[in-house]
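Below is one structure; the comments refer to it alone.
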Amino acid sequence: MEKMDNSSTSKRDTTRARTADVSPIELQMFEYGDMDEEEIISLFQRLVDSGLVWRLQGFYGRTAAHLIRLGVVMEPRIEADITE
């Protein structure tokens, strides 16, 4: 019997766990202008950290890139997987 590759399942589970910090309600609040500057920065930092920002509408990615250039939002820290 062949062993099944569960790598795609575990990747989806990881993505779901990382994006759980951003709710659709928060995205709606942002789009309706119902967030102050601090809330917007926090939202975009979490979107960038989770990687979700790059899968949303282009506006979100462009806004995130602009906030990163301004130094308001930080790029996610990528941990290197070093194997010897």
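The values are calculated or read from the model by the stated rules, or taken from the named source; none is laboratory data. As the structure is a prediction and not an experimental result, all values here were calculated from the model. Counting neighbours? That spans all protein chains shown, and the Cβs are built from the backbone with ideal geometry, glycine included.
General remarks:
- Odd one out for residue 7 among (1) modelled with pLDDT of 65 or more; (2) loosely packed, with under 14 Cβ neighbours inside 10 Å: (1)
- Contact annotation: residue pairs with Cβ atoms under 7 Å, 6 or more positions apart or on different chains, pairing a residue in region 52-63 that is in contact (Cβ under 8 Å) with a residue 12 or more places away in the chain with a partner that is surrounded by 15 or more Cβ atoms within 10 Å (Cβ to Cβ) and not in a loop (DSSP other than H, G, I, E, B), are 52/19; 60/47; 60/53; 63/44.
- Test: residue in region 28-38 that is modelled with pLDDT under 95 and crowded, with 16+ Cβ neighbours inside 10 Å: no
- Within region 41-52, being over 14 Å from residue 31 (Cα atoms) and in contact with a Phe, Trp or Tyr (Cβ under 8 Å, 6 or more places away or on another chain) holds for one residue alone: 47.
- Residue within region 60-78 that is modelled with pLDDT under 95 and among the basic types (Lys, Arg) present: yes
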